[in-house]
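**Student:** This structure is in structure tokens; I'll ask about it shortly.
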Amino acid sequence: MSSESKKNYIVQPGGYFKGSIRVPGDKSISHRSIMLGSLAEGTTNVTGFLEGDDALATLASFRAMGVQIDGPKDGKVAVHGVGMHGLKAPEKDIYLGNSGTSIRLLSGLLAGQKFESTLTGDKSLSGRPMKRVTDPLALMGAEIDSNEGKPPLKIKATNKLKGITYMLPMASAQVKSCILLAGMYAEGKTTVTEPAPTRDHTERMLSGMGYKVDVQGDTVSIEGGGKLTATDIDVPADISSATFFMVGAAISEGSDLTLTHVGINPTRIGVINILRLMGADITLSNEKMTGGEPVADIRIKYAPLKGIQIPEDQVPLAIDEFPALFVAAACAEGQTVLTGAEELRVKESDRIQAMADGLTILGIDAQSTTDGIIINGGVIGSGEVESHDDHRIAMSFAIAGLQAGGSIQINDCANVATSFPNFITLAQQVGLDIDEIDE
Ligand code: S3P
């Protein structure tokens with residue numbers, strides 16, 4: 001897997017972003033297209049699929065459960081659905097690499113199957129909390145063994161799950177989705193209430209495939225025993241990947257960049273809202289719906305940024321975008337304060353600490369707090385920083401190079417391939433002086 005070969009990035013200082021690019025497909029939607037496509041009746045044709053390690057891990061796991069999947073080729077995948085009860089027992093443990101979305105959503109889906117399965121992952125995934133999914137699944141009647149609340153997850157065969165009414169203890173789309181997927185296999189109704197809105201791609205795709213989902217404010221309900229009908233899915237470009245380019249353009253004078261066909265689902269646009277509050281010049285055009293998801297072209301031009309208190313209601317809507325937003329804060333005038341974001345500590349790395357440490361090395365005053373960070377805008381210097389094998393940390397420090405005083409070396413960047421395999425090529429194309437060195 002990518003995480004086993006050591007790749008570092010070297011970024012030379014300066015430059016700005018110009019041009020028009022389309023970043024790869026949305027990771028969350030790509031995962032769900034394989035999962036729901038596999039359970040549907042008929043063939044789901046997917047375009048714009050993210051050919052990154054995480055979504056490919058999901059794809060491989062469904063192949064291992066007997067689903068015929070053609071591709072991916074040029075972002076096209078054909079998933080020949082086997083129906084709600086057509087999955088076969090995998091012959092081996094299912095290895096999900098770095099992918100939290102794969103393991104958490106699959107745990108719900110597999111809890112409802114009549115066969116046993118074991119889900120494993122890489123070092124980072126093996127350290128991530130899974131009680132958040134095993135607890136509600138246990139209430140539904142699932143039996144799952146874990147390593148003290150962490151992977152591997154051994155999911156026993158179940159006769160029948162039962163519906164639950166569950167209040168999520170944290171704002172997590174992965175946990176919400178896990179419970180909804182298990183709910184399709186449960187007797188009666190499963191109801192999930194979330195403390196704050198999180199991405200709703202599962203709900204949208206279920207509805208698009210004809211499975212009734214009832215959404216009332218912060219509460220989602222699903223009845224067990226339904227079925228999914230195959231449909232075509234056009235995966236928009238991932239706003240989380242677009243973020244690195246949005247921030248890069250926002251911080252470097254002379255920038256004028258357009259990112260095309262980006263998903264702008266209201267549960268994902270915290271980054272646009274936060275950058276605008278900081279003073280960024282962002283315009284949207286060509287807004288339309290595709291496969292139940294809104295998309296637009298995003299144009300971002302350089303404008304001086306100012307530090308802000310980030311509104312807590314934006315945190316779940318920008319959860320994956322904070323490492324890059326911290327770079328924007330480092331380049332802004334004044335102080336930026338983030339609170340209510342403790343979830344960042346249990347992502348692919350502890351993203352609060354990883355960014356605070358790296359920014360400090362680069363000469364920025366960045367203080368981590370238990371649930372956030374305080375960053376005083378300043379002048380980015382040069383140095384060697386650690387990505388902690390986290391794709392988003394690696395790409396965030398890469399774009400910091402645009403405003404750096406000297407070169408930045410970023411260690412252990414192989415996992416960029418989990419979400420953004422052509423990051424280097426696109427970054428070079430629009431104006432970043434970046435190279436990869438293998439060790
Ligand atoms: C995701 C949900 C988020 C996000 C992750 C993808 C999803 O995680 O960080 O990258 O596809 O549902 P949480 O739901 O744990 O916040």
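The values are calculated or read from the model by the stated rules, or taken from the named source; none is laboratory data. What you see is a predicted model; the values in this text were computed from it and never measured. All Cβ positions, even for glycine, are placed from backbone atoms using ideal geometry, and neighbour counts span all protein chains on display.
**Student:** Kindly establish whether Glu194 is surrounded by 17 or more Cβ atoms within 10 Å (Cβ to Cβ) and either within 16 Å of the ligand (Cβ to nearest atom) or farther than 30 Å from Gly340 by Cβ (or both).
**Tutor:** Criteria met by Glu194.
**Student:** Here is a follow-up. Over 26 Å from Val295 (Cβ atoms) and either within 16 Å of the ligand (Cβ to nearest atom) or in contact (Cβ under 8 Å) with a residue 40 or more places away in the chain (or both): is that true of Leu56 in this structure?
**Tutor:** Judged against the criteria, Leu56 is not a match.
**Student:** Tell me, yes or no, whether segment 419-431 has at least one residue that is under 20 Å from Ile361 (Cβ atoms) and surrounded by fewer than 22 Cβ atoms within 10 Å (Cβ to Cβ).
**Tutor:** Within segment 419-431 (the criterion being under 20 Å from Ile361 (Cβ atoms) and surrounded by fewer than 22 Cβ atoms within 10 Å (Cβ to Cβ)), the answer is no, since none of the residues qualifies.
**Student:** Yes or no: Gly42 surrounded by fewer than 24 Cβ atoms within 10 Å (Cβ to Cβ), of a type outside the set (Lys, Arg) and within 21 Å of Ala427 (Cβ to Cβ)?
**Tutor:** no
**Student:** Do we have Gly378 as in contact (Cβ under 8 Å) with a residue 12 or more places away in the chain and part of a helix (DSSP H, G or I) here?
**Tutor:** no
**Student:** Identify the single condition in (1) within 16 Å of the ligand (Cβ to nearest atom); (2) of a type in the set (Asp, Glu); (3) buried (at least 17 other Cβ atoms within 10 Å of the Cβ); (4) within 29 Å of Thr260 (Cα to Cα) that Glu312 does not satisfy, given that it satisfies every other one.
**Tutor:** (3)
**Student:** Condition test on Leu338, is it within 16 Å of the ligand (Cβ to nearest atom), of a type outside the set (Asp, Glu) and buried (at least 24 other Cβ atoms within 10 Å of the Cβ)?
**Tutor:** Yes; evaluated as a whole, the condition is true for this residue.
**Student:** Quick one: what pairs do we get from segment 108-128, first residue within 26 Å of Met84 (Cβ to Cβ), second charged (D, E, K, R) and part of a strand (DSSP E or B), C-beta under 6 Å, 6+ apart or different chains?
**Tutor:** Going by the 6 Å Cβ cut-off, the qualifying pairs are Thr118/Lys154.
**Student:** Anything in segment 410-439 that is under 20 Å from Glu348 (Cβ atoms) and among the polar types (S, T, N, Q)? List them, or say none.
**Tutor:** Asn411, Asn415, Thr418, Ser419, Asn422
**Student:** Is it the case that Gly71 is farther than 23 Å from Asp389 by Cα, within 15 Å of the ligand (Cβ to nearest atom) and not in a loop (DSSP other than H, G, I, E, B)?
**Tutor:** Answer is no for this residue.
**Student:** Applying the selection to segment 327-360, what residues are assigned to a helix (DSSP H, G or I), more than 22 Å from Gly127 (Cβ to Cβ) and hydrophobic (A, V, I, L, M, F, W, C)?
**Tutor:** Those that are assigned to a helix (DSSP H, G or I), more than 22 Å from Gly127 (Cβ to Cβ) and hydrophobic (A, V, I, L, M, F, W, C): Val327, Ala328, Ala329, Ala330, Cys331, Leu359.
**Student:** Another question, then. Residues to consider are Pro197, Pro169; find the one that is free of Cβ contacts under 8 Å to residues at least 60 places away in the same chain and closer than 28 Å to Gly263 by Cβ.
**Tutor:** Going through Pro197, Pro169 in turn, the sole match is Pro169.
**Student:** Now for a separate question. For segment 94-112, which residues satisfy the criterion of being out of contact with any helix residue (DSSP H, G or I) (no Cβ under 6 Å at 6 or more places or on another chain) and surrounded by fewer than 24 Cβ atoms within 10 Å (Cβ to Cβ)?
**Tutor:** Once the filter is applied, which keeps residues that are out of contact with any helix residue (DSSP H, G or I) (no Cβ under 6 Å at 6 or more places or on another chain) and surrounded by fewer than 24 Cβ atoms within 10 Å (Cβ to Cβ), segment 94-112 yields Tyr95, Gly100.
**Student:** Next up: Of everything in segment 197-208 that's more than 10 Å from the ligand (Cβ to nearest atom) and not small (Gly, Ala, Ser), which residue is nearest to Pro311 (Cα to Cα)?
**Tutor:** Only one residue fits best here, namely Pro197.
**Student:** Being buried (at least 24 other Cβ atoms within 10 Å of the Cβ) and either farther than 30 Å from Ile251 by Cβ or not assigned by TED's automatic domain parsing to the domain that holds Met205 (or both) is true for just one of Phe17, Phe115. Which residue is that?
**Tutor:** Phe17
**Student:** Oh, and also: Give me a count of the residues in segment 214-252 that are touching a strand residue (DSSP E or B) at 6+ places or on another chain (Cβ under 7 Å) and surrounded by fewer than 18 Cβ atoms within 10 Å (Cβ to Cβ).
**Tutor:** Qualifying residue count, segment 214-252: 7.
**Student:** Continuing with this model, one more query. So if I check each of Met278, Met184, Met246, Met170, which one is farther than 15 Å from Arg32 by Cα, in the same structural domain as Thr44 (by TED's automatic domain parsing) and more than 16 Å from the chain's Cα centre (by Cα)?
**Tutor:** Selected residue: Met170, the only one of Met278, Met184, Met246, Met170 that is farther than 15 Å from Arg32 by Cα, in the same structural domain as Thr44 (by TED's automatic domain parsing) and more than 16 Å from the chain's Cα centre (by Cα).
Residues checked against (1) touching a residue at least 12 places away in the same chain (Cβ under 8 Å); (2) within 16 Å of the ligand (Cβ to nearest atom); (3) out of contact with any His (no Cβ under 9 Å at 6 or more places or on another chain):
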residue	(1), (2), (3)
Ala296	yes, no, no
Arg299	yes, no, yes
Ile308	yes, no, yes
Leu317	yes, yes, yes
Val327	yes, no, yes
Glu333	yes, no, yes
Met355	yes, yes, yes
Thr369	yes, no, yes
